[in-house]
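Q: Next up is a structure, given as structure tokens.
Each reported figure results from applying straightforward, stated rules to the coordinates on display, with no laboratory input. All figures in this text were calculated on a predicted structure; none of them were measured in a lab. Don't worry about glycine lacking a Cβ; one is built from the backbone with ideal geometry, like all the others, and counts go over all protein chains shown.
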Amino acid sequence: MSMKNNYYQKNPSVVCTELDDGGILLDLDTKYYYTLNPTGLRLWQIMDEKKSSSEIARQITNEYEVDEKNALESVLKLIKKLEKENLIIPLPIECA
């Protein structure tokens, strides 16, 4: 299965603080923090809805002036970074 069909959940050890120009993620386990721009923050919020990467990209396309191909590329890039830093966790297929 390609990454665009994967589902993820937020790591429960990560807290998010929303700011006017995006957000800050704090990993309570590592004490590292990460900044998100407004679009990254929106992706973080959409993850609560248990949508696949491609569904998130489609929603971003509907909310921002970006075509679906570019939205998907950006979503996959950010998801890859979030997963690498253990800020999100892949869900087993049966949980999605």
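Q: Peptides 82-89, 5-12: what's the order by average Cβ count within 10 Å, highest mean first?
A: Peptide ranking by packing, descending: 82-89, 5-12.
Q: Still on this model: So between L19 and K81, what do we pick up on full extension, going 0.36 nm a residue minus the alpha carbon distance?
A: Full-extension gain reported as 20.3 nm.
Q: Moving to a separate point now. Could you work out [θ]222 nm for the chain from helices alone, using -39500 (n - 2.57) per DSSP H run of at least four and dividing by all its residues? Round to the nearest 500 deg cm²/dmol. All intermediate terms of the calculation are to be shown ahead of the outcome.
A: On the way: 3 runs with 37 residues, N = 96.
After summing the helix terms and dividing by the residues of the chain, the value is -12000 deg cm²/dmol.
Q: A further question follows. For L28 and E49, FRET efficiency with R0 = 30 Å and r from the beta-carbon atoms, rounded to 0.05?
A: Between E49 and L28 the formula returns 0.80.
Q: What shape does the chain have by the C-alpha gyration tensor, where a ≥ b ≥ c are the square roots of the eigenvalues, rounded means a/c under 1.5, and otherwise prolate means a/b greater than b/c and oblate the rest?
A: Oblate, because a/c is 1.5 or more while a/b does not exceed b/c.
Q: On a straight-distance basis, which aspartates and glutamates could pair with K84 in a cross-link, Cα separation under 20 angstrom, same-chain partners fewer than 8 positions away excluded?
A: Answer for K84, where 20 Å is the Cα cut-off: D27, D29, D48, E73, listed by chain and number.
Q: With a 10 Å Cβ neighbour count serving as the proxy for reagent exposure, in which order, fewest first, do S13, S74 appear?
A: S13, S74
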